[in-house]
Ligand code: ADP
Ligand code: GN1
Ligand code: MG
């Protein structure tokens, strides 16, 4: 999928639909997310520059954007309630700017859904984590986020993308895309299809444990890619968990697994030289320590699957990239031909690396528990 283009005048008009303080200066494409169209908006407020984060929600993917916003408002208000009185609270959770009509989104004449947040300043996201301290802090921030939402009052959050991490349904979608082969690409990916085939049996493992009641459903983020948490420029600590479109009921394990996938990777997600791609065990250790330091809610059954969750989520995302490549690149944003296939290949290389290091990672988990557990 390619980015939709909007003129500066169109963006100015969209921004004007929000109750935002300041005079519009410009809106520039921002960030490296694969899903929404993101812009950094600069305005001048009584002579001082202020920034906002404007996003066009990808409504081909999030088919009910009002439900996405309903979840986001509930989640951010709940967290804000817990932060009341804390200095810096407005950097520690996203702040939705209401439209002039008091709604969480602005609709434009073409049917697009736009939302705007306060821009979180003096903090950054990282596509590739640079050191173990960052991995530790990022994992801690995601665990804290899960903790903050553990007592979110009913009703259940909307499932903004049903069966999002259901590896068995993702496999079925791959099988369908492979049979349809609409772009004639299947012959190019026989090695990747074989790779998946060899792992088909294990795809339903966590789902089965969940059905049996051994692993609980919790409120989870579901997109804990490492560039979805902002780290403070000065202290290095996790300031704010962002990209809340998929916050919904899920497994804590999938959140940990996606951190392992994205934060332990030694190379870019679309690296073409696979000799550069692998999982860095030092980063895994930092993630495990950071996550376990805050996630006191985890059951022994969940702790026992932390290592497997990294393999499973990485395989699942690889399957999704492969499916999208076969379907003609209709889901993830791409910037060049073949990018989704390259992304799939890095994921599968990561799976190999995670499988090879599984015993060592298991030993790390055992020694990373902050308190003895009975
Ligand atoms: P996508 O769903 O496409 O991944 P994100 O919500 O993750 O979109 O936003 C893309 C990028 O924009 C993030 O990785 C982050 O760098 C930046 N970003 C998002 N929200 C904010 C914010 N409120 N303040 C500052 N930067 C932000
Ligand atoms: C997408 O939105 P972004 O770029 O943070 C995707 C995730 C994938 C990730 C792979 C809603 O995340 O599920 O793991 O790309 N988000 C959605 O990089 O599909
Ligand atoms: Mg993102």
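The values are calculated or read from the model by the stated rules, or taken from the named source; none is laboratory data. Quick caveat: nothing in here was measured; it's all calculated off a predicted structure. Using ideal geometry, Cβ is built from the backbone for each residue, glycine included, and neighbour counts are taken over all protein chains shown.
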For residue 231, only one of the following conditions fails: (1) under 14 Å from the mean Cα position of the chain (by Cα); (2) assigned to a strand (DSSP E or B). What is its number? (1)
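Condition test on residue 245, is it closer than 20 Å to residue 169 by Cβ, crowded, with 18+ Cβ neighbours inside 10 Å and within 11 Å of ligand 2 (Cβ to nearest atom)? Outline the logic, then answer.
Values: closer than 20 Å to residue 169 by Cβ: yes; crowded, with 18+ Cβ neighbours inside 10 Å: yes; within 11 Å of ligand 2 (Cβ to nearest atom): yes.
Yes.
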Residue satisfying condition, being surrounded by fewer than 20 Cβ atoms within 10 Å (Cβ to Cβ) and out of contact with any helix residue (DSSP H, G or I) (no Cβ under 9 Å at 6 or more places or on another chain), within set 250, 213, 236, 204: 213
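Would you mind listing the helices (runs of 4 or more DSSP H) fully within region 276-361 where at least 2 residues are within 16 Å of ligand 1 (Cβ to nearest atom)?
Values: elements: 281-294, 300-303, 306-327, 339-356.
By residue number, 306-327, 339-356.
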Residue that is under 20 Å from residue 165 (Cα atoms) and modelled with pLDDT of 95 or more, where the choices are 274, 292, 287, 326: 326
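Return yes or no: is residue 171 within 30 Å of residue 73 (Cβ to Cβ) and surrounded by 15 or more Cβ atoms within 10 Å (Cβ to Cβ)? Step through it out loud before you land on a result.
Values: within 30 Å of residue 73 (Cβ to Cβ): no; surrounded by 15 or more Cβ atoms within 10 Å (Cβ to Cβ): yes.
Against the criterion (within 30 Å of residue 73 (Cβ to Cβ) and surrounded by 15 or more Cβ atoms within 10 Å (Cβ to Cβ)), residue 171 does not qualify.
Would you say residue 25 is in contact with a strand residue (DSSP E or B) (Cβ under 6 Å, 6 or more places away or on another chain) and over 15 Å from residue 160 (Cβ atoms)?
Values: in contact with a strand residue (DSSP E or B) (Cβ under 6 Å, 6 or more places away or on another chain): yes; over 15 Å from residue 160 (Cβ atoms): yes.
Criteria met by residue 25.
Do we find that residue 197 is more than 18 Å from residue 224 (Cα to Cα), in contact (Cβ under 8 Å) with a residue 60 or more places away in the chain and exposed (fewer than 14 other Cβ atoms within 10 Å of the Cβ) in this structure?
Against the criterion (more than 18 Å from residue 224 (Cα to Cα), in contact (Cβ under 8 Å) with a residue 60 or more places away in the chain and exposed (fewer than 14 other Cβ atoms within 10 Å of the Cβ)), residue 197 does not qualify.
For region 355-363, check the following and say yes or no: at least one residue is under 30 Å from residue 187 (Cβ atoms), in contact (Cβ under 8 Å) with a residue 24 or more places away in the chain and more than 16 Å from ligand 3 (Cβ to nearest atom). Let's see the steps before the verdict.
First, pick out the residues of region 355-363 that are under 30 Å from residue 187 (Cβ atoms): 355-356.
Filter once more, so that each one left must be in contact (Cβ under 8 Å) with a residue 24 or more places away in the chain: 355.
Narrowing the set further to residues that are more than 16 Å from ligand 3 (Cβ to nearest atom) leaves 355.
Yes, because at least one residue in region 355-363 is under 30 Å from residue 187 (Cβ atoms), in contact (Cβ under 8 Å) with a residue 24 or more places away in the chain and more than 16 Å from ligand 3 (Cβ to nearest atom).
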Residue that is at pLDDT 95 or above and more than 17 Å from the chain's Cα centre (by Cα), where the choices are 48, 38, 4: 48
Consider region 152-186. How many of its residues are in contact (Cβ under 8 Å) with a residue 24 or more places away in the chain, closer than 15 Å to residue 197 by Cα and over 22 Å from the mean Cα position of the chain (by Cα)? 3
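Could you say whether any residue in region 83-92 is within 20 Å of the chain's Cα centre (by Cα) and modelled with pLDDT of 95 or more? Before the answer, list the steps.
Just the residues of region 83-92 that are within 20 Å of the chain's Cα centre (by Cα), to begin with: 91-92.
Of the ones still in play, those that are also modelled with pLDDT of 95 or more are 91-92.
Yes, the conditions are met somewhere in region 83-92.
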For the structure I just gave you, tell me whether residue 219 is under 27 Å from residue 244 (Cβ atoms) and part of a loop (DSSP other than H, G, I, E, B). no
Picking from 313, 281, 364, the residue that is in contact with a helix residue (DSSP H, G or I) (Cβ under 8 Å, 6 or more places away or on another chain) and within 25 Å of residue 176 (Cα to Cα) would be 313
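So if I check each of 270, 243, which one is touching a residue at least 12 places away in the same chain (Cβ under 8 Å), farther than 28 Å from residue 70 by Cβ and within 18 Å of the chain's Cα centre (by Cα)?
Details: 243 fails: farther than 28 Å from residue 70 by Cβ.
270 is the lone residue from the list that is touching a residue at least 12 places away in the same chain (Cβ under 8 Å), farther than 28 Å from residue 70 by Cβ and within 18 Å of the chain's Cα centre (by Cα).
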Failed condition for residue 111, given (1) at pLDDT 95 or above; (2) in contact with a helix residue (DSSP H, G or I) (Cβ under 8 Å, 6 or more places away or on another chain); (3) exposed (fewer than 13 other Cβ atoms within 10 Å of the Cβ), with all others met? (2)
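Specify the residue that is nearest to ligand 2 (Cβ to nearest atom); the eligible residues are those in region 34-50 that are farther than 16 Å from residue 114 by Cα and in contact with a strand residue (DSSP E or B) (Cβ under 8 Å, 6 or more places away or on another chain).
Just the residues of region 34-50 that are farther than 16 Å from residue 114 by Cα, to begin with: 34, 42-50.
Narrowing further to those that are in contact with a strand residue (DSSP E or B) (Cβ under 8 Å, 6 or more places away or on another chain): 42-45, 49-50.
Details: 42: 23, 43: 26, 44: 30, 45: 30, 49: 27, 50: 25 Å.
Result: 42.
Just to check your reading of the model, which residue among 109, 81 is without any contact (Cβ under 8 Å) to a residue 12 or more places away in the chain and part of a helix (DSSP H, G or I)? Write out each step before concluding.
Values: 109 fails: part of a helix (DSSP H, G or I).
Only one candidate passes the filter, namely 81.
Out of 19, 10, 40, I need the residue that is under 30 Å from residue 339 (Cβ atoms) and away from ligand 1 (no atom under 15 Å from the Cβ). Which one? Let's see the steps before the verdict.
Numbers: 19 fails: under 30 Å from residue 339 (Cβ atoms); 40 fails: away from ligand 1 (no atom under 15 Å from the Cβ).
Just one listed residue meets the conditions, 10.
What are the residues in region 8-43 that are away from ligand 3 (no atom under 16 Å from the Cβ), free of Cβ contacts under 8 Å to residues at least 60 places away in the same chain and touching a helix residue (DSSP H, G or I) at 6+ places or on another chain (Cβ under 7 Å), if any? Spell out the reasoning first.
So the first thing to find is which residues in region 8-43 are away from ligand 3 (no atom under 16 Å from the Cβ), and the list is 8-28, 41-43.
With free of Cβ contacts under 8 Å to residues at least 60 places away in the same chain added as a condition, the list becomes 8-9, 11-12, 16, 21-28, 42-43.
Once the filter is applied, which keeps residues that are away from ligand 3 (no atom under 16 Å from the Cβ), free of Cβ contacts under 8 Å to residues at least 60 places away in the same chain and touching a helix residue (DSSP H, G or I) at 6+ places or on another chain (Cβ under 7 Å), region 8-43 yields 24, 26, 27.
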Residues of region 43-60 being surrounded by fewer than 17 Cβ atoms within 10 Å (Cβ to Cβ) and near ligand 1 (Cβ under 10 Å from one of its atoms), which ones? 51
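Select from region 10-33 the residues that are within 16 Å of ligand 2 (Cβ to nearest atom) and surrounded by 16 or more Cβ atoms within 10 Å (Cβ to Cβ) and write down the one among them that is modelled with the highest pLDDT.
Step one: filter region 10-33 for residues within 16 Å of ligand 2 (Cβ to nearest atom), giving 29-33.
Now restrict to residues that are surrounded by 16 or more Cβ atoms within 10 Å (Cβ to Cβ): 30-31, 33.
Working: 30: 97, 31: 94, 33: 92.
Result: 30.
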